[in-house]
Amino acid sequence: MNGLIEHTLRGSWTPSGASAAPLSPHALRWLRQRTGLAETATPAVPVSLLEVAESDLPEAARAELAALIGEQQVLTDPAERLGRAGGMSYTDLMRRRGGSRLAVPDAVLLPTDPDLVQGVLKICVRHDIAVVPFGGGTSVVGGVDALRGGKTAVVALDLARLDRLVSLDPGSRIAVVQAGMRAAEAESLLAAHGFTLGHFPQSYERATIGGFAATRSAGQASAGYGRFEDMVEGVRLATPVGEWRLGVSPASAAGPDLRQLAVGSEGALGVITEVALRVRPAPARSRYEAFVVDGWQSGVDAVRALAQGRALADVTRLSDVDEADVQLELSGALKARSLKTYLRGRGIRQPCLLVLGWDAASHGELKQRRAATLRALRGIRTVRLGRPVGEAWRSHRFSGPRQRDALLDRGVCVETLETATHWTDLSELRSAVRTALVRNLQVNGKSPIVMCHISHAYETGASLYFTVLAARDADDPLGQWQRAKMAASDAIAGRGTITHHHAVGADHLPWLEAEIGDVGGAVLAAVKKAVDPTGILNPGKLIRPAR
Ligand SMILES: Cc1cc2nc3c(=O)[nH]c(=O)nc-3n(C[C@H](O)[C@H](O)[C@H](O)COP(=O)(O)OP(=O)(O)OC[C@H]3O[C@@H](n4cnc5c(N)ncnc54)[C@H](O)[C@@H]3O)c2cc1C
């Protein structure tokens, strides 16, 4: 059982907020000097001080919903509704810090089984109520914004109570899991049976299996275990026109793979209630190591060599010089200084960090795989930092969101965006996005820090993941980021994907057709019409309203 997440505390990643990963005095000084950050504290606003309009849920609908799923599973009090108002992007968090009004759902529904989800949709169709499927609420693209889309009211359909392991077939290596189960919970249940899913996004502690499927998520070990869509054997979906079950065999030639319509459907085509997952034996051994390469292009060449030589480690992550620098400076002045001196001594001018992590069934397999990776890197000059740095990366790999809380409290504009493109265009696209971000995030003539890493690599190309740290524009914090995001998205459109793994949501919708074409947009709209004729499901996300 998940135990419900305390959504009422969603101004920060954990209830302890900024104190979960406080910034050291050195890190703060360094940030001020680099970005022009002012010496202000901007702590989170208690939810009790945020304004919430009365619920518009019609009483007749509320009574029917309560009769179906239980009085306790229909929540209309402001704290619960606020807790499901939006996701976890910088914009969402700033709104929760009083930056502007939040779109708050009129009620939160917590059905406890898939048939009840189907029943909820029926009632919502009848009363013309918009339904926003809500998993862990970690969307960073406006995927769970409570948009009403012209309907009478809008409810957050929180899947937290669909949290069971339905079945496990060790012979076929398939686990059927209810959609609301959180990743960490799924991993520990699977581990008890000797299996792993191998899906470790940075949002691992909060995000859910249904959310991963709905967004085509990619975890940090995607090079070894694949993206989430590779892990989906089947899905069970509640739609306004009836239940839809997909995936009866490992592969099929029965027309297009309709499972892939459910995967990535972002709550706009149905509510995923169960996912049949392809699981793997839990690794008996694993090893993480770090290397330094000199300069971004050299790092790109290294990762490409690994991808094209089929020698990728399960975790393969290249940080550019800015990201490597920030990681060092935030971890302490002494460490930063001595490592930089050491690397200079080894002739490294532009240190970029390459973290490699392998999982294996035995010591022998681990040795073999590591040797294959290192062989493929032979033509590239690397300096080995060894296991302590690699293992330190692994042990802090979920701490980014905690650090973000501390940065937000100190007045930093901190946000991420991502894309992917082919190897030949990768460095040019990185420069274009960097330029757009730097230009649009300057405050008082001081440039932001724009960092980039590759964490998902393929034979034909790789992802680019940007993180920015800028002094917050106190007069227009939301506008500051929105302008930068728009400029970066314009730079990406037509040259790479608008999103490699964060999904489309509301935020990327204006750029979707540049990627999938008008015909693609029309196909999505037609599928929506077929499964959701009155358009109650997650309005304003993924699919444009009919024009
Ligand atoms: C700090 C941080 C780090 C992140 N790191 C990563 C990362 O490494 N990799 C990555 O891929 N993403 C990452 N994300 C983005 C986010 O975690 C993913 O998109 C994740 O898949 C969302 O899961 P969730 O359960 O929180 O879904 P939610 O945020 O609740 O929902 C996301 C979308 O899916 C829909 N949805 C949710 N559940 C269902 C369901 N059962 N049926 C139908 N639709 C549903 C929602 O309506 C919404 O459109 C990160 C986000 C944050 C805040």
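Helix 363-376 and the longest principal axis of the C-alpha atoms of the chain enclose an angle of approximately 70°. Taking other C-beta atoms within 10 angstrom as a stand-in for reagent exposure, 26, 363 fall in the order 363, 26, fewest first.
Hey, if you put +1 on the Cβ of every Lys and Arg and -1 on every Asp and Glu Cβ in the stretch 131-189, which of 147, 178, 159 ends up farthest toward the positive end of that dipole? It is 147, whose Cα lies furthest towards the positive end. Sorting the segments 306-315, 515-524 by their mean number of nearby beta carbons within 10 angstrom, highest to lowest, gives 306-315, 515-524.
Karplus-based coupling profile of the stretch 476-485, in residue order and whole Hz: 8, x, 6, x, 4, 6, 4, 5, 5, 5, with θ = phi - 60° in 6.51 cos²θ - 1.76 cosθ + 1.60 and x standing for Gly or Pro.
Magnitude of the Cβ-charge dipole of the stretch 401-492, K/R +1 and D/E -1, about the Cα centre, nearest 20 debye? Roughly 260 debye, rounded to the nearest 20.
In the chain, Cα pairs under 8 Å separated by at least six residues give a relative contact order of 18 percent. The simple Förster model, with R0 at 30 Å and r as the Cβ-Cβ distance, assigns residue 387 and residue 39 a FRET efficiency of 0.20.
Amide H contacts of residue 234: 276, each under 5 Å away and 5 or more positions distant or on a separate chain (H built 1.01 Å from N in the peptide plane; Pro and chain starts excluded). Each of residue 286 and residue 59 was given a label point 7 Å from its Cα along the Cα-to-Cβ line. The distance between the two points is 5.4 nm. Scalar couplings 3J(HN,Hα) for the stretch 309-317, obtained by applying the Karplus form with A = 6.51, B = -1.76, C = 1.60 to θ = phi - 60°, are x, 6, 10, 4, 6, 4, 10, 10, 9 Hz; x denotes Gly and Pro.
When a/c is below 1.5 the answer is rounded, else prolate if a/b is larger than b/c, else oblate, so apply that to the stretch 359-438 with a ≥ b ≥ c taken from the square roots of the Cα gyration tensor eigenvalues. Since a/c reaches 1.5 but b/c is at least a/b, the shape of the stretch 359-438 is classed as oblate. Relative contact order for the stretch 401-492: what is it in percent, counting Cα pairs under 8 Å that are at least 6 residues apart? Reported as a whole number, the value is 38 percent. Distance cut-off 28 Å, Cα to Cα: go down the list 151/529; 335/446; 446/541; 335/367; 485/541; 122/485 and report the pairs above it. Going by Cα-Cα distance, 446/541; 335/367; 122/485 fall outside the 28 Å limit. Counting every other Cβ atom within 10 Å of each residue's Cβ, 228, 134 order from fewest to most as 228, 134. Modelled spin labels at residue 447 and residue 77, positioned 7 Å past Cα toward Cβ, are 5.1 nm from each other. Inter-label distance, residue 26 to residue 115: 6.1 nm, where each label sits 7 Å from its Cα along the C-beta direction. With neighbour counts taken as other beta-carbon atoms within 10 Å, the residues 209, 123 rank, fewest first, as 123, 209.
Quick one: helix 296-308 against the long Cα principal axis of the chain, what's the angle to the nearest 10°, folded into 0 to 90? Taking the Cα atoms of the chain, the angle to 296-308 is about 60 degrees. With R₀ fixed at 30 Å, the C-beta to C-beta distance from residue 395 to residue 427 puts the FRET efficiency at about 0.45. Counting only alpha carbon atoms, the long axis of helix 400-409 and the longest principal axis of the chain meet at about 90°.
With an a/c value of 1.5 or above and a/b not larger than b/c for the gyration tensor axes a ≥ b ≥ c computed over the alpha-carbon atoms, the stretch 419-526 is described as oblate.
Each value in this text was obtained by applying a stated rule to the coordinates, not by laboratory testing. Here the structure is a predicted model, which means the values were calculated and not measured. Using ideal geometry, Cβ is built from the backbone for each residue, glycine included, and neighbour counts are taken over all protein chains shown.
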